[in-house]
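The values are calculated or read from the model by the stated rules, or taken from the named source; none is laboratory data. For clarity, every value in this text was computed on a predicted model and none was experimentally measured. A quick note on method: Cβ atoms are made from the backbone with ideal geometry, for glycine too, and the neighbour counts reach across all protein chains shown.
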Amino acid sequence: MKRRQFIKNTSLSGIGVAAASPFMNYLNLPIMQKSEPVCIATWNFPNASRKAGEMLSTGALALDAVEQGVMVEEADIRNTTVGRGGAPDREGNVTLDACIMAPNGDAGAVVYLKNNTHAVSVARKVMEETPHVILAGEGADRFALEQGFEKEELLTTNSEKAYKEWLKTKEYKPIINIENHDTIGMLCIDSKGDIAGACTSSGLSYKMNGRVGDSPIIGSGLFLDNEVGGAVATGMGEAILKSVGSFLIVELMRQGKSPQEACEIAILRIVKQNPNYKDFQAAFIAINKNGEVGSYCIQKGFSYMDFRNGENKNFPSKYYI
Ligand code: ASP
């Protein structure tokens, strides 16, 4: 089959809706309008989205806004699954996972970071100062020190107390929307129309030592393409990893799906792939270049922040069950 014929056949069948759309340019991309500056973020963290949103309103770059926005949660010790104050693994170590993506497609991540609150900033340094994308464990901690980050103790009195309580039963059963509920994933569009994203987490409470979730994995916890849009995830990392959900959502938007349709398809994949889907939460939020937002999850109870035009709002997500 000649290449041209192949492309024609493909666009008429496999990606039918997208290909039939009149809003496609020659690169097969939906034609997007430039959005106003906007910040969206997982869960109900108004301080984080306000920080990023206000930065965007004064002309900050999306990359700076996502970093500083999620840093608000990393520093908040009341939040027990992000940054300092995060719940430890079952051996008592607090280990952080984070990633960041720039509009040009550059990415950086850290996994199993033990000595720094601001995992997202170390991830940004990995992106900007090394030839690599991910640094793990001891290497990541050493790199952070070399970059001028100070060594910190991440286990707070409260998380230590909760951990000692947990040790009494050692039951590993993350509670839907409670223990799993604090990973912050954020996507920002700046006044130039560029998109950046960040995702940061201490992962599942009382996870096995060494466990890494979806949050720092480009394509799973976060993905963006500055020509199309971006997506971020929260919830059961194992299910999100297996679906490569954020990448899937961006590719679906590229093919013409709305952010909402794309998030729904990604959650349906997870539901189909996991017979025990009723036992856990998984959620995605997405934004396209036009600033249109989508959100979908398995269980009722997930919400997301949206800051635009000076308004910082929390919206309940649609859900499957
Ligand atoms: N996705 C995170 C993880 O599995 C957890 C969460 O979002 O709460 O590490």
Discussion item. Need pairs with beta-carbon distance below 8 Å; first residue over 19 Å from Val244 (Cα atoms) and touching a residue at least 60 places away in the same chain (Cβ under 8 Å) and within the range 201-230, second within 11 Å of the ligand (Cβ to nearest atom) and part of a strand (DSSP E or B); sequence gap 6+ or separate chains.
Written reply: Ser202/Leu96; Ser202/Asp97
Worksheet item: Any idea which residue in the range 127-163 is modelled with the highest pLDDT, counting only those that are in contact with a Gly (Cβ under 9 Å, 6 or more places away or on another chain) and closer than 19 Å to Glu91 by Cβ?
Response: Gly137
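So if I check each of Tyr277, Tyr320, which one is within 20 Å of Asp214 (Cβ to Cβ) and in contact with a strand residue (DSSP E or B) (Cβ under 8 Å, 6 or more places away or on another chain)? Break it down into steps so the answer makes sense when it comes.
On the way: Tyr277 fails: in contact with a strand residue (DSSP E or B) (Cβ under 8 Å, 6 or more places away or on another chain).
Among Tyr277, Tyr320, only Tyr320 is within 20 Å of Asp214 (Cβ to Cβ) and in contact with a strand residue (DSSP E or B) (Cβ under 8 Å, 6 or more places away or on another chain).
Does Lys125 satisfy the criteria of being in contact with a strand residue (DSSP E or B) (Cβ under 8 Å, 6 or more places away or on another chain) and on the phi < 0 side of the Ramachandran plot? Reasoning before the result, please.
On the way: in contact with a strand residue (DSSP E or B) (Cβ under 8 Å, 6 or more places away or on another chain): yes; on the phi < 0 side of the Ramachandran plot: yes.
So Lys125 fits the description; yes.
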Practice prompt. Residue by residue through the range 295-308, note down the ones that are touching a residue at least 40 places away in the same chain (Cβ under 8 Å) and closer than 22 Å to Leu224 by Cβ.
Written response: Cys297, Phe302, Ser303, Tyr304, Met305, Asp306, Phe307, Arg308
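Would you mind finding the one in Lys164, Lys170 that is among the charged types (D, E, K, R) and free of Cβ contacts under 8 Å to residues at least 12 places away in the same chain?
When all the criteria are applied, what remains is Lys164.
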Response to the item:
Going through the range 184-209 in order, the residues found to be more than 14 Å from the ligand (Cβ to nearest atom) and either on the phi > 0 side of the Ramachandran plot or assigned to a strand (DSSP E or B) (or both) are Leu187, Cys188, Ile189, Gly193, Ile195, Ala196, Gly197
Practice prompt. Filter the range 85-126 down to the residues that are modelled with pLDDT of 95 or more and acidic (Asp, Glu), then identify the one that is nearest to Ile287 (Cα to Cα).
Written response: Asp106
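Based on what the data block shows, is Val212 among the β-branched types (Val, Ile, Thr), within 12 Å of the ligand (Cβ to nearest atom) and not in a loop (DSSP other than H, G, I, E, B)? Steps first, answer last, please.
Working: among the β-branched types (Val, Ile, Thr): yes; within 12 Å of the ligand (Cβ to nearest atom): yes; not in a loop (DSSP other than H, G, I, E, B): no.
Spelling it out, it is not the case that Val212 is among the β-branched types (Val, Ile, Thr), within 12 Å of the ligand (Cβ to nearest atom) and not in a loop (DSSP other than H, G, I, E, B).
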Worksheet item: Does the range 217-226 contain any residue that is part of a loop (DSSP other than H, G, I, E, B) and among the charged types (D, E, K, R)?
Response: no
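So, in the range 223-234, of the ones that are within 18 Å of Ser317 (Cα to Cα) and not hydroxyl-bearing (Ser, Thr, Tyr), which residue ends up nearest to the ligand (Cβ to nearest atom)?
Let us first name the residues in the range 223-234 that are within 18 Å of Ser317 (Cα to Cα), namely 230-234.
The next check asks that each one be not hydroxyl-bearing (Ser, Thr, Tyr); those that pass are 230-233.
On the way: Gly230: 16, Ala231: 13, Val232: 10, Ala233: 6 Å.
Of everything passing the filter in the range 223-234, Ala233 is nearest to the ligand (Cβ to nearest atom).
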Fill in: Complete set of residues in the range 265-280 that are in contact (Cβ under 8 Å) with a residue 60 or more places away in the chain and surrounded by 16 or more Cβ atoms within 10 Å (Cβ to Cβ)
Phe280
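Quick test for you: out of Tyr296, Tyr304, pick the one residue that is within 14 Å of the ligand (Cβ to nearest atom) and in a strand (DSSP E or B).
Working: Tyr296 fails: within 14 Å of the ligand (Cβ to nearest atom).
Checking each option against the conditions leaves just Tyr304.
Please verify whether Ala262 is assigned to a helix (DSSP H, G or I), closer than 13 Å to Cys297 by Cβ and small (Gly, Ala, Ser), treating the condition exactly as stated. Please lay out each step first, then the result.
Numbers: assigned to a helix (DSSP H, G or I): yes; closer than 13 Å to Cys297 by Cβ: no; small (Gly, Ala, Ser): yes.
Judged against the criteria, Ala262 is not a match.
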Response to the item:
Listed by first then second residue, the pairs whose first member lies in the range 37-50 and is touching a residue at least 12 places away in the same chain (Cβ under 8 Å) and more than 16 Å from Glu67 (Cβ to Cβ), whose partner is aromatic (Phe, Trp, Tyr) and more than 16 Å from the ligand (Cβ to nearest atom), with beta carbons under 8 Å and at least 6 positions apart or on separate chains, are Val38/Phe307
Worksheet, complete the sentence: Within the range 227-237, restricting to residues that are of a type in the set (A, V, I, L, M) and assigned to a loop (DSSP other than H, G, I, E, B), the one that is nearest to Ala52 (Cα to Cα) is Val228
Worksheet entry | Only one of Ser49, Ser11 that is more than 16 Å from the ligand (Cβ to nearest atom), modelled with pLDDT of 95 or more and either closer than 27 Å to Phe315 by Cα or not in a loop (DSSP other than H, G, I, E, B) (or both) | Ser49
